[in-house]
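Notes for the one structure printed next.
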Amino acid sequence: MRAKLLMLPPQSAATRDWAARLAVALPDLSVVVAEDSRQADAAIGDADAAFGTLPPELLRKAGRLRWLQAPKSAPPAGYYHPGLIAHPVVVTNFREIYNDHIGAHIMAFVLAFARGLHLYFPHQLRREWRPLPKGAGVVHLPEAMALIVGVGGVGAEAARLAAAFGVRVIGVDARREAAPAGVAELHRPDALDALVPQADFVILTVPHTPATDGFFRRARFRRMKRPAFFINVGRGRTTRLDDLVAALEAGEIAGAGLDVFEQDPLPANHPLCSTKRDHRARSC
């Protein structure tokens, strides 16, 4: 019997092209492209593998499923529902395909904050000449420490780049056994709260899972140094936005660089759209 791969909806030109190329490259593999939930429901029962997002009601009908490929480098928010966590299916992702440009995006945040560009840009837009007091708004990178929470492909690349600027990098990761290049120390998540107060930059790259939902909230922001910066390029629901706004407005941290949000896109009237301590930019 031929193995069966089910491409779960929604489809795009790219996924249809992948399916066609797989069918040519692997003639012993039956590739089924489900254009809607009805077609997916009809095909899931005898599928050996699937690509995409698998909701609970569909997973319950998957009698032979052994492999599920997530559709992104990090599974999207809510991907790991309780049924999937309990299921024996192996879940994989597109590991390390965005290392270069998201690593560079993290460093763009770090360098902008370190040189005070987040303070100067508003002055420029208002056509104001307002030099900062000497030493204000500057972080000397060879004297700084970055805490990278999630040292996967993106986190490891950010560590390599930061270390090249002289930053001392400490990593926190639940799975990695050995510190990659650029990481001076590697710790388990139970050390996180002790490490947060030491960091000048706290960089969050973790995916959204039940364990990381609301991972950074007010209590953790209060542990950060007042001159420290928070950067999140992982998933929006790992960070409670209301708590981040409160920490920024209270001056508990110096600023935040966000690539993702709990609510995406942010409404125009969201407090983060007007706070002077936040910088938002997309990496891709």
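The values are calculated or read from the model by the stated rules, or taken from the named source; none is laboratory data. Remember, it's a predicted structure, so these values are computed and weren't measured experimentally. As a convention, Cβ positions derive from the backbone with ideal geometry for all residues, glycine included, and neighbour counts pool all protein chains shown.
Considering the conditions (1) of a type outside the set (A, V, I, L, M); (2) in a loop (DSSP other than H, G, I, E, B); (3) modelled with pLDDT of 80 or more; (4) in contact with a helix residue (DSSP H, G or I) (Cβ under 6 Å, 6 or more places away or on another chain), Arg127 is excluded by exactly one of them, (4).
Could you tell me whether Ile106 is touching a Leu at 6+ places or on another chain (Cβ under 7 Å) and modelled with pLDDT of 95 or more? Don't jump to the end; show me each part of the working.
On the way: touching a Leu at 6+ places or on another chain (Cβ under 7 Å): no; modelled with pLDDT of 95 or more: yes.
No, not satisfied.
Against the conditions (1) farther than 21 Å from Asp259 by Cα; (2) without any contact (Cβ under 8 Å) to a residue 60 or more places away in the chain; (3) not polar (S, T, N, Q), Val139 satisfies every one except (2).
The numbered conditions (1) of a type in the set (Val, Ile, Thr); (2) within 21 Å of His118 (Cβ to Cβ); (3) surrounded by 22 or more Cβ atoms within 10 Å (Cβ to Cβ) are all true for Val183 except (2). When restricted to residues that are closer than 23 Å to Phe109 by Cα and in contact with a Lys or Arg (Cβ under 8 Å, 6 or more places away or on another chain), the range 165-191 contains 7.
Working only within the range 48-63, note down all residues that are closer than 21 Å to Met1 by Cα and either surrounded by fewer than 13 Cβ atoms within 10 Å (Cβ to Cβ) or under 30 Å from the mean Cα position of the chain (by Cα) (or both). Asp48, Ala49, Ala50, Phe51, Ala62, Gly63, listed by residue number.
Among residues belonging to the range 80-137 that are more than 30 Å from Gly251 (Cβ to Cβ) and among the aliphatic types (A, V, I, L, M), point out the one that is surrounded by the most Cβ atoms within 10 Å (Cβ to Cβ).
First, the residues of the range 80-137 that are more than 30 Å from Gly251 (Cβ to Cβ): 80-101.
If we keep only those that are among the aliphatic types (A, V, I, L, M) too, we end up with 84-86, 89-91, 97.
Numbers: Leu84: 17, Ile85: 11, Ala86: 8, Val89: 14, Val90: 11, Val91: 15, Ile97: 13.
Ranking the qualifying residues of the range 80-137, first place goes to Leu84.
Report whether or not Ala254 is closer than 25 Å to Gly116 by Cα, touching a Phe, Trp or Tyr at 6+ places or on another chain (Cβ under 8 Å) and buried (at least 23 other Cβ atoms within 10 Å of the Cβ). Full working, then the answer.
Working: closer than 25 Å to Gly116 by Cα: yes; touching a Phe, Trp or Tyr at 6+ places or on another chain (Cβ under 8 Å): yes; buried (at least 23 other Cβ atoms within 10 Å of the Cβ): no.
So Ala254 fails the test.
Might you check whether a residue that is under 30 Å from the mean Cα position of the chain (by Cα), of a type outside the set (A, V, I, L, M) and at pLDDT 95 or above occurs anywhere in the range 23-31? No, the range 23-31 contains no residue that is under 30 Å from the mean Cα position of the chain (by Cα), of a type outside the set (A, V, I, L, M) and at pLDDT 95 or above. Within the range 130-160, the set of residues being under 20 Å from Pro189 (Cβ atoms), assigned to a loop (DSSP other than H, G, I, E, B) and touching a Lys or Arg at 6+ places or on another chain (Cβ under 8 Å) comprises Val151, Gly152.
Each row is one residue, and each column tells you yes or no for (1) at negative phi; (2) in a loop (DSSP other than H, G, I, E, B); (3) in contact (Cβ under 8 Å) with a residue 40 or more places away in the chain.
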site	(1), (2), (3)
Thr53	yes, yes, yes
Ala74	yes, yes, yes
Gly83	yes, no, no
Arg95	yes, yes, yes
Phe109	yes, no, yes
Phe113	yes, no, yes
Tyr120	yes, no, no
His123	yes, no, no
